[in-house]
1. Just the projected area, averaged over all directions, of the convex hull on the alpha carbon atoms of segment 52-100: how many nm²?
2. Which one of Gly80, Ser121, Gly140 has its Cα pushed farthest toward the positive end of the charge dipole of segment 73-193, where Lys and Arg give +1 and Asp and Glu give -1 at the Cβ?
3. So what's the gap between the Cα centers of segment 157-235 and segment 68-110, to the nearest angstrom?
4. Let me know the charge dipole size of segment 109-163 about its Cα centre in debye, to the nearest 20, where only the beta-carbon of Lys, Arg (+1) and Asp, Glu (-1) is charged.
5. Please list, or write none, the lysines whose alpha carbon is within less than 26 Å of the alpha carbon of Lys102, excluding same-chain residues fewer than 8 places away.
6. What number does segment 1-122 give for Rg over Rh if you use C-alpha atoms and the Kirkwood radius?
7. Against the globular-protein guess of 2.2 N^0.38 Å, express the Cα radius of gyration of segment 20-80 as a ratio, rounded to two decimals.
8. Within the chain, which is the longest segment that contains none of the GluC sites (Glu not before Pro) sitting in a DSSP loop with at most 11 other Cβ atoms within 10 Å?
Amino acid sequence: MPIIGIPLATMTTPTKESYYLSTEYIQAIEKIGAFVVLLPHTTDQDKIVRQVSHCDGFLMPGGDDVTPHLYGEEPLIKLGQCDEKVDEYHLRITKEIVEQDKPFLGICRGAQVLNIALGGSVYQDVSYHSENVLLHRQSGKRHDLCHKVYFQKGSKLYKLFGENMLVNSFHHQSISTLSPKLMISAVASDGIVEAVESLTSKFCIGVQWHPEIMVYNHSIMNKLFEALIDSCLDH
């Protein structure tokens, strides 16, 4: 049974700071027969290397915005909440995952973290991409479908899902400058990047939608998690 590591985020209240992760990520991984290990953030590089070494694959979850100075920008007015310590850890562990060539699936913010870790950047709000963008932060039920994504022929996601599909959407940031180590594998009709893949790694994918929520009403999304687990077994 493959071990999938999920790096945690934090939630801060006036009285305490807690680790935080939506249960859907764990449930989606366990549903397809893998074992989840939750990874607390650390600044110790040796611990990060050991975290990566002890897991067969990784899921980088969604969450808050990434601190802008970590990708060379200053904060703009539409920037949301950030946690610099968590951001630094997520970027460092993502670099180590790629270095060790372990299977990686980034979801929403996780796709953005992948791009930034490998030298790219993000729009601090999708409105900075264009004034005429689709609704990317839906207000309906989390499993409802929101807009289409269009897959690049030849990509891993095209092989899984075909030319296009409807997805849910809960993000206000998106990839701007693409890492030279990644390719765009899906876009929305407004040009917003919806998925990226590594040009060199065996399995390293980031998607902007939330497949861990879709799986319970749209079984086709199981294919993405199954592909992650299959890559872990091959690895």
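The values are calculated or read from the model by the stated rules, or taken from the named source; none is laboratory data. Note that the structure is a prediction, hence the values are computed from the model and not measured. In this analysis, Cβ positions are derived from the backbone assuming ideal geometry, glycine residues included, and neighbour counts consider all displayed protein chains. Accessible surface is based on the protein model in full, side chains and every heavy atom, while ligands, DNA and RNA are left aside. Shrake-Rupley method; radii C 1.70, N 1.55, O 1.52, S 1.80 Å.
1. On the way: hull surface 15.8 nm².
The orientation-averaged projected area of the Cα hull of segment 52-100 comes to 3.9 nm².
2. Farthest towards the positive end: Gly140.
3. 17 Å
4. Values: 8 positive and 4 negative charges, 61 e Å.
That gives a dipole near 300 debye.
5. Once the sequence-local lysines are set aside, what remains near Lys102 is Lys31, Lys47, Lys85, Lys153, Lys156, Lys159, Lys181, Lys202, Lys223.
6. Using Cα coordinates only, the ratio equals 0.96.
7. Rg over 2.2 N^0.38 Å, computed on Cα atoms: 1.45.
8. Value returned for the longest uninterrupted segment is 1-130.
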